[in-house]
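Encoded as structure tokens, the structure appears first; notes follow it.
Read-outs: derived from the displayed coordinates by stated rules, not from any lab. Since the model is a prediction, treat every value here as computed from it, not as a measurement. Cβ coordinates were reconstructed from backbone atoms using ideal geometry, including for glycine residues, and neighbour counts include every protein chain displayed.
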Amino acid sequence: MDDLFSILNLKCIIKFMHLAGLAIGLGCAWMLDVFILKHIKKEITKEKYQTIEFVSKFVFTGLGMLWISGLLFIIHYYLYTPENLMNQKIWGKLFIVLILTVNGYFVHKLIIPKIKNSIGSTLLNTLTVYEIMIVTAVGTISFVSWLFPIVLGVAKTLNFTVSAIDIIAFYFVFLVVAAIIANIMAQIIIKSKVVVRK
């Protein structure tokens, strides 16, 4: 029993929770983005809305697992290997997860209710141009912010070699590029919205 709860095994358990949170959150968030994009011109039925609501709960579950495991990692490092807290990558990831959390709040408070109000119609007909841009922005932040922690986790060469500021700066550069691409797609959708109304 002592071996099961050894320092090494505790770290493995935390890492498993962290990876599971990333996998669940990223998979469901991207699935949600694709589902909404695919059905933006189609009628939102009660069943489609329930699917969106159901998948969104898994996104928040993944986010919760990220926070719990991330804080446990910090506590574990503080108690057993405090030198690891000098790894700036940890604080860069923490900042990005914070962005994810704020973005998740807007998904819950703005996007999900808008989709619910679209039941019986289409998102394209229900949402205003401004609201389409908000959905685009939130979706872009979600896409990039879920991807980045995985990239940072895989990039072991970044350990103790780059500052948190550099990581955050690169994150924002990547986010801006993604936002430009998403904005072009949104403009195409908006133009089709105008054509449909005509």
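The alpha-carbon of Lys156 sits under 24 angstrom from the alpha-carbons of these lysines, leaving out residues fewer than 8 places away in its chain: Lys11, Lys15, Lys89, Lys93. Shown here: semi-axes √(5λ) of the Cα gyration tensor in Å, derived from the displayed model; of the candidates [x] 22, 18, 18; [y] 66, 43, 18; [z] 37, 20, 11, it corresponds to [z]. The residues Asp166, Asp33, when put in order of fewest to most other Cβ atoms within 10 Å, stand as Asp166, Asp33.
Any idea what angle helix 129-154 forms with the longest principal axis of the chain, computed on alpha-carbon atoms, 0 to 90 degrees, nearest 10? The angle comes out near 20 degrees. Projecting the Cα positions of Val154, Ile74, Val144 onto the charge dipole of the chain (unit charges on Cβ atoms of Lys, Arg, Asp and Glu, taken about the Cα centre) puts Val144 furthest along the positive direction.
Is the shape of the range 32-119 rounded, prolate or oblate, going by the alpha carbon gyration tensor and its root eigenvalues a ≥ b ≥ c, with a/c under 1.5 for rounded and a/b larger than b/c for prolate? It is prolate, given that a/c is not under 1.5 and a/b is the larger ratio. Exposed loop sites, defined as chymotrypsin sites (Phe, Trp or Tyr not before Pro) outside DSSP H, G, I, E and B with at most 14 other Cβ atoms within 10 Å, are absent from the longest region of the chain, namely 6-159.
Along the positive direction of the dipole of the range 12-138 (beta-carbon charges: Lys, Arg +1; Asp, Glu -1; about the Cα centre), which of Ile119, Ala23, Leu37 reaches farthest? Going by the charge dipole, the pick is Ile119. The overall shape of the range 111-194 is prolate: from the C-alpha gyration tensor, with semi-axes ordered a ≥ b ≥ c, the ratio a/c is 1.5 or greater and a/b exceeds b/c. The dipole here belongs to the range 66-198: it is taken about the Cα centre, uses +1 on the Cβ of Lys and Arg and -1 on the Cβ of Asp and Glu, and is about 640 debye.
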